[in-house]
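A short write-up of the structure that comes next.
The values are calculated or read from the model by the stated rules, or taken from the named source; none is laboratory data. All values reported here derive from a predicted model rather than from experimental measurement. Cβ atoms come from the backbone with ideal geometry, glycine included; neighbour counts cover every protein chain shown. Please note that ligands, DNA and RNA were not included when accessible areas were found on the heavy atoms of the full protein model with its side chains. Shrake-Rupley method; radii C 1.70, N 1.55, O 1.52, S 1.80 Å.
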Amino acid sequence: MTRLPGAGPYRVVGLDGVRAIAVVLVIVFHLGPGALVGGYLGVDVFFVVSGFLITTLLVRERDETGRIRLGSFWLRRARRLLPALVVLVLVCCSAAWAIGGDVLVGIGRQLIGAATFSTNWLLIASGSTYFGTGLPELFRNLWSLAVEEQFYLVWPLLLVLVLLRIPRWLRIAIVLLLAAASGLAMALLVDPTDSTRVYYGTDTHAFGLAIGAVLAFAAVRWPMRRIAWPRAVRWLLPVVGVFALLALIGLSVVLDGADPDAYRGGLVLVAVLTAAVITSLLVPGSWLGRALETGPFRWVGRRSYGLYLWHWPVLLLVQSALPTWQRDGWQGWALGGIAAAITVVASALSYRFVEQPVRRFRFRRSARPSGRARWRVPVWAVAIGALLVVAGAGSTLALAADPGIGQTQQQVEAGRKAIRSASPAPTPDAAPTPGASGTPTPVPTPVGGNQVTAIGDSVMLAAAPELQAGLPGIAIDAAVSRSMYAAPGIIQADLDAGSLRKVVLIELGTNGPIDHATLEQIHKLVGPDREIIVVSAQAPRGWTPGVNAALTAFADRYRNVVLANWHDAVQPYLSELNRDQIHFGGAGARLFTSVVKDALQQLAELPPPRDERDDLALPIPV
């Protein structure tokens, strides 16, 4: 059960179960490779729950006492959130120092974000993306805690100064408008190639908190006795709640974070469904609430805060400690299993020995005069104090050991430098000059680098120096976190500038799924007089198999499209890749260049169409 402090005996039976489902979705999303592409939606469930509970607490306090004690409210929030957070940060920083390497990159900035509850805005400023495959931050998951803390700071002031001075119906209307404005801003401002700004932004991701607040305004004076509810409503609402819960779980299976539809109404729908589930629990004696209050739901729900805090840093630390393990397949699941076990133990210990004692002032009660000893301090308190001292020292060492730039970023920066320093090569005619009639057909020779336009992401940036050495004159346009959705615009710009070359090399399968329509648009823009090479993706991400299947089908479909099978070529050499199992150094870059050269040879050996007017699409077997 969830008790609302300072609000009498009011309780929401089953809300711990909702929390449990939300945190499990998030943990499976992060720890299970590709198992739940929409598990990130659990964060939005938490937002609605927080908006509902905090607003209900404040409104009930005002109704029962005539005022809201803001100092007491903020102190309760601090006691609830800060102790576990401090332990997490100190312990994980010390572990990161012991492991070393990329996991230490940017640790100082991350600590500033954790201390000031500004992680989300710092991530936006640094260009970090929640769904990208770049260098992961140890405390990236604290972005949602930052959004909630900003809400806890501003929302009570807005209530006291404005909302509680107007009629309830007008409060509801105003907050609904705020929720709609936030959701609309997310939909209008989202960049299909990078959702970082709208996903992390407090302004564009506050609709869940606002929808929870709307429900609190509407429900705060609903009857608290079961007999006051019509019998039909008592049965209908839990049924609605079950369907809403099933819809949430269904969305967590299908709504990929790289899908623009997630930000054009998808996350708002998640918030509305969560509000429907909470509404079904507000009926006294709700059978759905009783079902969600059973042992496992209650145990996980009460520890959901610690589970959320620990799972992401622990996963990164485990992956960093086992750098040769792959991030997908059985080894990926093994890494997730190890991280899950550590997470459960750490969160259980945090709940028992840190969160609960501080919330209930057990430290103060434990220090009592006894016999000859003036003070008696429990052993576990001494142990935690010693742990914090050691962890504090380790965190200091971690700050000093921050390398400033990660291995992957070094490789990407080297690629950028190579591209900037490359001298421009003349662009040859798009179509080759036909040979003289009657001359013998020469052995097919692949085109040179000065006939290739390469469009890619950070993987291509890492390979850029070797590509330039192996294909002199190649024109490379690559950027971090770029997806296939960006390709049509880049190709169109090159066409307008007259700089698109005979062969278009596209490596954009790393950062998200791709669809058939985008590939068809690319093929139409490139036209029949040019040729395309698409590079398959190697990334421990759930969308990788689908991306590679789509690229293979695209190459099979058209005569002027060839697949450079980077994924299959690199499988025997995964140990040569970086810890993220995506990027690489010199050996990987040389292999990548070799795969591209093989694809160029395949293009050279393709037979010409029977007639220049022929459609380049190959017949599809029935």
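Restricting attention to segment 133-153, does a residue exist that is under 30 Å from MET484 (Cα atoms), of a type in the set (A, V, I, L, M, F, W, C) and open to solvent by 30 Å² or more (accessible area, probe 1.4 Å)? Yes, because at least one residue in segment 133-153 is under 30 Å from MET484 (Cα atoms), of a type in the set (A, V, I, L, M, F, W, C) and open to solvent by 30 Å² or more (accessible area, probe 1.4 Å).
Can you tell me which residue among GLU520, GLU507 is of a type in the set (Asp, Glu) and in contact with a helix residue (DSSP H, G or I) (Cβ under 6 Å, 6 or more places away or on another chain)?
On the way: GLU520 fails: in contact with a helix residue (DSSP H, G or I) (Cβ under 6 Å, 6 or more places away or on another chain).
After ruling out the rest, the residue left standing is GLU507.
Just for segment 237-281: of the residues that are among the hydroxyl-bearing types (Ser, Thr, Tyr) and surrounded by 23 or more Cβ atoms within 10 Å (Cβ to Cβ), which one is nearest to TYR199 (Cα to Cα)? Explain how you work it out, then say what you get.
Here is the first cut: in segment 237-281, the residues among the hydroxyl-bearing types (Ser, Thr, Tyr) are 252, 263, 274, 279-280.
Filter once more, so that each one left must be surrounded by 23 or more Cβ atoms within 10 Å (Cβ to Cβ): 252, 263, 274, 280.
On the way: SER252: 16, TYR263: 8, THR274: 18, SER280: 28 Å.
Among them, the one singled out is TYR263.
Please return the ranges of helices (runs of 4 or more DSSP H) entirely within segment 196-310 where 3 or more residues are at negative phi and under 17 Å from the mean Cα position of the chain (by Cα). Steps first, please.
On the way: elements: 196-200, 207-219, 231-254, 266-281, 287-291, 295-302.
Passing ranges, in order: 196-200, 231-254, 266-281.
A single member of GLU507, GLU576, GLU520, GLU531 is open to solvent by less than 30 Å² (accessible area, probe 1.4 Å), on the phi < 0 side of the Ramachandran plot and charged (D, E, K, R), and it is GLU507.
State the number of residues belonging to segment 464-494 that are assigned to a helix (DSSP H, G or I) and touching a Gly at 6+ places or on another chain (Cβ under 9 Å). If you could, list the steps in order and put the result at the bottom.
To start, the set of residues in segment 464-494 that are assigned to a helix (DSSP H, G or I) comprises 464-470, 484-494.
Adding the requirement that they be touching a Gly at 6+ places or on another chain (Cβ under 9 Å) leaves 464-468, 470, 484-485.
The number of residues fulfilling the criteria is 8.
Which residue is most open to solvent (accessible area, probe 1.4 Å), if the candidates are limited to segment 41-64 and must be polar (S, T, N, Q) and under 15 Å from GLU148 (Cα atoms)? Ranking the candidates gives SER50 first.
Please find, among ALA493, ALA487, the residue that is surrounded by fewer than 18 Cβ atoms within 10 Å (Cβ to Cβ) and either modelled with pLDDT of 95 or more or of a type in the set (A, V, I, L, M, F, W, C) (or both). Spell out the reasoning first.
Working: ALA487 fails: surrounded by fewer than 18 Cβ atoms within 10 Å (Cβ to Cβ).
ALA493 is the lone residue from the list that is surrounded by fewer than 18 Cβ atoms within 10 Å (Cβ to Cβ) and either modelled with pLDDT of 95 or more or of a type in the set (A, V, I, L, M, F, W, C) (or both).
A Cβ distance below 8 Å, combined with a sequence gap of six or more or placement on separate chains, defines the contacts here; from segment 241-263, residues that are under 19 Å from THR518 (Cβ atoms) reach residues that are of a type in the set (Asp, Glu) and assigned to a helix (DSSP H, G or I) in the pairs LEU255/ASP261.
Taking segment 73-120 as the range and being open to solvent by 20 Å² or more (accessible area, probe 1.4 Å), free of Cβ contacts under 8 Å to residues at least 60 places away in the same chain and within 20 Å of the chain's Cα centre (by Cα) as the test, the residues that pass are ARG109, PHE117, SER118. Just one of (1) open to solvent by 30 Å² or more (accessible area, probe 1.4 Å); (2) in contact (Cβ under 8 Å) with a residue 60 or more places away in the chain; (3) closer than 19 Å to SER144 by Cβ fails for GLN319. It is (3).
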